[in-house]
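Before any comments, here is the structure.
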Amino acid sequence: MTETDNLTSIVDSARKSFYSGKTKSIAFRKRQLVSLVKLLDENEDEICDALYRDLGRDYFAAYLLDIHVLRAEIISMLQGIDEWLKPEHPKRDYTLMFSKAYVRKEPFGLCLILGAWNFPILLTLSPLIGAIAAGNCAVVKPSEVSPNCANVMKKLVSKYLDKNCYPVVIAGPEDSSKLMKENRFDMIFYTGGTHVGKLVMKAASKHLTPVVLELGGKNPCIVQKNFDLKIAAKRICFGKYMNAGQICISPDYVLCEEEIKDEFIKILKSVLLEMYGENPKDSTSYCRIINARHFARVEKLLKSGKIAIGGQTDKETKYIAPTVLTDVKEDSPVMQEEIFGPILPIITIKNIDEAIEFINKRERPLGIYMFSKNKEEIEKVISSTSSGGVCINDVMSQHNGGLPFGGIGYSGMGNYHGKYSIDTFSHKRACVEFGAPDILLGTRYPPHTDKKLARIRTLKQKIPQRRGPMDTFLQLLKLAALGVLIGYLAQIFASLLTK
């Protein structure tokens with residue numbers, strides 16, 4: 001019997017582990033998170049080697065983008081978990097005046113985590129951090145598209161974590177579909193493309209299972225002439241050509257004014273020379289396309305415009321050079337789908353209003369980037385568009401720093417990282433310990449009478465009024481008078497004690 005034949009048994013075993021109650025212990029969760037740090041620290045070479053074999057990612061990038069980022073996220077979680085798991089005490093209305101009311105964060109139960117192939121370690125283990133911290137059990141399915149990383153995770157996760165609570169399964173698309181259709185999960189977390197995201201959501205609907213979908217989209221990047229074009233070019237090239245463009249939050253295309261287009265392309269060319277040399281194919285810092293199918297898809301997109309930089313390909317090694325396209329039409333293939341490759345279209349616009357209109361005609365992206373010194377126009381872009389996140393004068397930084405990371409619309413639903421991971425993997429359960437004496441509750445009991453209705457009407461709350469400067473002054477005056485009164489009473493009390 002193969003592992004895929006035994007999927008239901010694996011799921012049932014993980015569910016029993018959750019019902020045993022062991023994951024509800026915060027001490028247990030912390031031990032698992034510490035073990036995850038050890039997994040990264042003690043197997044750095046093996047993890048980096050797997051990333052190189054799957055994606056051609058060099059050791060530096062593998063450590064920085066996968067191990068270092070993951071490790072920092074776990075440490076942050078360990079530092080904040082006690083505070084983030086505390087019950088919340090929202091403001092109560094008069095009906096709960098004599099009662100204790102709070103919100104508990106409770107685990108969903110058994111989660112399914114479907115990892116991505118472009119960052120196969122980071123984007124599989126990062127949601128697992130949240131699942132563990134929130135007290136869930138989780139079946140972890142790495143992407144089969146990056147097989148070396150999938151095998152490394154199966155080996156290491158079962159070695160370092162509780163294998164009954166967090167089993168790792170290696171399964172193809174058909175088995176993954178079977179896994180969701182035949183097993184009821186309490187929450188599904190998927191990272192990947194929109195097409196598969198729809199299938200995941202459809203499968204989840206059978207059991208009304210909540211889903212988090214971390215997808216992608218065509219992330220626009222606005223470059224204005226008032227910003228240092230060399231700095232903008234360096235930061236855009238860093239985000240666009242890292243991992244050969246196979247990043248859901250990388251800039252997808254550039255919007256700039258016609259008058260700076262030629263100069264900007266010239267600067268892009270010089271920056272790419274600095275980063276990857278005369279022949280990026282020989283650079284150890286430049287990755288490859290994941291497989292032949294994705295190579296063929298991205299290569300076709302090279303025909304969508306005029307090649308200003310790059311354009312070279314090698315089918316055998318799945319190499320596509322860092323490429324810049326110009327003369328790109330809005331209806332061209334490269335503008336109809338997320339590129340997810342090292343191709344950067346440059347599209348000219350007349351002004352910021354045209355840029356906003358261009359962005360809003362498309363599905364809402366995972367990220368919007370803008371390089372500008374004009375604060376009014378920055379605010380205009382942020383307030384007039386919608387996206388998963390926004391980053392001004394850099395790219396991809398919205399993914400870090402404990403901020404909520406996630407999409408909206410076609411770029412996904414739900415978010416995570418830090419405190420938001422605990423919120424995402426938790427059910428917020430309203431709890432009331434009712435304490436009002438029954439003598440105060442007579443109005444709510446039948447029979448319903450006009451007298452009771454009149455009594456209820458007296459409890460109508462007023463619409464809050466905007467406070468002006470005079471209202472604030474009077475409020476401060478009242479507080480000051482209250483302070484004087486308290487001080488006076490304290491003096492009287494103190495004099496009585498000394499007699």
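The values are calculated or read from the model by the stated rules, or taken from the named source; none is laboratory data. Small disclaimer: the values here were computed from a predicted structure and weren't measured. FYI the Cβ positions are ideal-geometry reconstructions off the backbone, even for glycines, and counts take in every protein chain you see. For the accessible areas, the whole protein counts, side chains as well, though only heavy atoms, and no ligand, DNA or RNA atoms are used. Shrake-Rupley method; radii C 1.70, N 1.55, O 1.52, S 1.80 Å.
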* Do the conditions hold for Leu110, that is, is it surrounded by 15 or more Cβ atoms within 10 Å (Cβ to Cβ), closer than 30 Å to Tyr241 by Cα, touching a helix residue (DSSP H, G or I) at 6+ places or on another chain (Cβ under 9 Å) and of a type in the set (A, V, I, L, M)? -> no
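Might you let me know whether region 303-324 holds any residue that is under 22 Å from Ala244 (Cα atoms) and assigned to a helix (DSSP H, G or I)?
Looking for residues that are under 22 Å from Ala244 (Cα atoms) and assigned to a helix (DSSP H, G or I), one finds at least one in region 303-324, hence yes.
Among the residues of region 388-401, are any of a type outside the set (Phe, Trp, Tyr), under 30 Å from Ala101 (Cβ atoms) and modelled with pLDDT of 80 or more? Before you say what the answer is, go through the steps one by one.
Residues of region 388-401 that are of a type outside the set (Phe, Trp, Tyr), as a first pass: 388-401.
Still in the list and also under 30 Å from Ala101 (Cβ atoms): none.
No, region 388-401 has no match at all.
Looking only at region 343-357, which residues are out of contact with any helix residue (DSSP H, G or I) (no Cβ under 7 Å at 6 or more places or on another chain) and either farther than 15 Å from Val381 by Cβ or not polar (S, T, N, Q) (or both)?
First pass over region 343-357, keeping only residues out of contact with any helix residue (DSSP H, G or I) (no Cβ under 7 Å at 6 or more places or on another chain): 347, 350-351, 353-355, 357.
Selection gives Ile347, Lys350, Asp353, Glu354, Ala355, Glu357.
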* Structure fact -> Quick count over region 232-285, residues being out of contact with any Gly (no Cβ under 7 Å at 6 or more places or on another chain), at positive phi and in a helix (DSSP H, G or I), is 1
* **Qualifying residue in region 139-151 (condition: open to solvent by less than 10 Å² (accessible area, probe 1.4 Å), of a type in the set (Ser, Thr, Tyr) and under 16 Å from the mean Cα position of the chain (by Cα))** => no
* Within region 37-105, which helices (runs of 4 or more DSSP H) (wholly inside it) include 1 or more residues that are modelled with pLDDT of 95 or more and under 19 Å from Phe425 (Cβ atoms)? -> 69-84
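How many residues are open to solvent by less than 40 Å² (accessible area, probe 1.4 Å) and more than 14 Å from Met370 (Cβ to Cβ) if we restrict to region 195-228? It would help to see each step written out before you state the result.
Looking only at region 195-228, we keep the residues that are open to solvent by less than 40 Å² (accessible area, probe 1.4 Å), and these are 197, 200, 203-204, 209, 211-224, 227.
Those still in the list that are more than 14 Å from Met370 (Cβ to Cβ) too: 197, 200, 203-204, 209, 211-218.
Summing the residues that are open to solvent by less than 40 Å² (accessible area, probe 1.4 Å) and more than 14 Å from Met370 (Cβ to Cβ) in region 195-228 gives 13.
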* To do: Only residues in region 410-430 that are within 16 Å of Glu83 (Cβ to Cβ) and β-branched (Val, Ile, Thr) count as the first member; pair them with residues that are outside any strand (DSSP E or B) and open to solvent by less than 30 Å² (accessible area, probe 1.4 Å), Cβ under 6 angstrom, at least 6 apart or cross-chain, and list the lot.
  => Ile422/Ala133; Ile422/Ala134
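Matching residues to (1) more than 25 Å from the chain's Cα centre (by Cα); (2) touching a residue at least 24 places away in the same chain (Cβ under 8 Å); (3) surrounded by 18 or more Cβ atoms within 10 Å (Cβ to Cβ):
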site	(1), (2), (3)
Pro280	yes, yes, yes
Tyr286	yes, yes, yes
Ala292	yes, yes, no
Val298	yes, yes, yes
Lys306	yes, no, no
Gly310	yes, yes, yes
Leu325	yes, no, yes
Leu344	no, yes, yes
Ile368	no, yes, yes
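Select the helices (runs of 4 or more DSSP H) contained entirely in region 364-474, then report the ones holding at least 1 residues which are of a type in the set (S, T, N, Q). Step through it out loud before you land on a result.
Working: elements: 375-384, 419-424, 450-457.
Passing ranges, in order: 375-384, 419-424.
Only one residue in Ile290, Ile260 is more than 21 Å from Cys391 (Cβ to Cβ), of a type in the set (A, V, I, L, M, F, W, C) and out of contact with any Pro (no Cβ under 7 Å at 6 or more places or on another chain). Which one? Quick ask: steps written out before the conclusion?
Values: Ile260 fails: more than 21 Å from Cys391 (Cβ to Cβ).
Step by step, each of Ile290, Ile260 is checked, and only Ile290 is more than 21 Å from Cys391 (Cβ to Cβ), of a type in the set (A, V, I, L, M, F, W, C) and out of contact with any Pro (no Cβ under 7 Å at 6 or more places or on another chain).
Does Gly418 satisfy the condition of being of a type outside the set (S, T, N, Q), open to solvent by less than 40 Å² (accessible area, probe 1.4 Å) and more than 30 Å from Pro127 (Cβ to Cβ)? Talk me through it step by step, then tell me what you get.
Details: of a type outside the set (S, T, N, Q): yes; open to solvent by less than 40 Å² (accessible area, probe 1.4 Å): yes; more than 30 Å from Pro127 (Cβ to Cβ): no.
Taking the combined requirement at face value, the residue does not satisfy it.
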* Among (1) β-branched (Val, Ile, Thr); (2) open to solvent by 20 Å² or more (accessible area, probe 1.4 Å); (3) assigned to a loop (DSSP other than H, G, I, E, B) - the single one Thr348 does not satisfy -> (3)
